[in-house]
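The values are calculated or read from the model by the stated rules, or taken from the named source; none is laboratory data. Please read all numbers here as calculations on a predicted model, not as lab measurements. Here the Cβ positions follow ideal geometry from the backbone for every residue, glycine too, while neighbour counts run over all protein chains shown.
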Amino acid sequence: MIDVPVYNMAGEQTKTVQVDSDEFGGRIRPELIKQVLVAYADHHGQRSARTRSRGMVEGSTRKIYRQKGTGNARMGTIRTVVRRGGGVAFAKTALHHKAGLPKKMKRLARNSAILAKLQSNDVLIIDDFSFDAPKTKKFVSMLSAVGATKGCVVALSAADEHAFKSGRNIPKTEIRLFSDLNAYDILRRRKLIFAGSAFDALRAEATRSGKATPDAGGE
């Protein structure tokens, strides 16, 4: 069992919640996590590079001069890739998006990333997480009190405009719905903070998916 500390908004620890590693897949799957991270980076690449092939370059398709009798080396059209202003060999001409990974793989990778954070004691819960108005100072004070000023992801159970506006300008701080969490978001920040209701909902979802797919992942 893994002990997860529970804090209030003032940064005082009020209790501890015990989590079974089996709820999040039972073990860390580094190969699956790597596969998901590579797919994420590939999908979010800029992909704006373009070059023109010889078929896209303007110019005649006629040979510059006849094949024999000139004393010169053989030469094709002005579009050839060996001439200045010609086309580019193996030109980059179109976008290429790889197919996305199955949802079960992404979910298992997410759970594996959460388990890694749990085992490294980088997960904590804010039981009474709430903002009645946008207050960045209050958000910063909370993060400072729980030791999460060097980077964190805050997971909520439902959209909260006040919480989002309070934390959106804080460096290295991400605010996500727990249902939108992915392995990349979790691993790129040091701490993973859950609102109490979000952690309960996540555990319920992880238990349901774990029963449906006891050891999936494509390893």
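Side notes on the structure shown:
- Some residue of segment 119-129 being loosely packed, with under 14 Cβ neighbours inside 10 Å and within 22 Å of Glu12 (Cβ to Cβ): yes
- Enumerated strands (runs of 3 or more DSSP E) restricted to segment 139-198, each holding at least 2 residues that are modelled with pLDDT under 95 and not hydrophobic (A, V, I, L, M, F, W, C): 173-177
- In segment 87-96 there is no residue that is closer than 30 Å to Ala159 by Cβ and not acidic (Asp, Glu).
- For the residues Ile64, Ile78, the requirement of being crowded, with 16+ Cβ neighbours inside 10 Å, more than 27 Å from the chain's Cα centre (by Cα) and not charged (D, E, K, R) singles out Ile78.
Condition check ((1) assigned by TED's automatic domain parsing to the domain that holds Gly196; (2) in contact with a Phe, Trp or Tyr (Cβ under 7 Å, 6 or more places away or on another chain); (3) without any contact (Cβ under 8 Å) to a residue 24 or more places away in the chain) across all residues:
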position	(1), (2), (3)
Pro134	yes, no, no
Lys137	yes, no, yes
Met142	yes, no, no
Thr149	yes, no, yes
Ala155	yes, yes, no
Ala163	yes, yes, no
Pro171	yes, no, yes
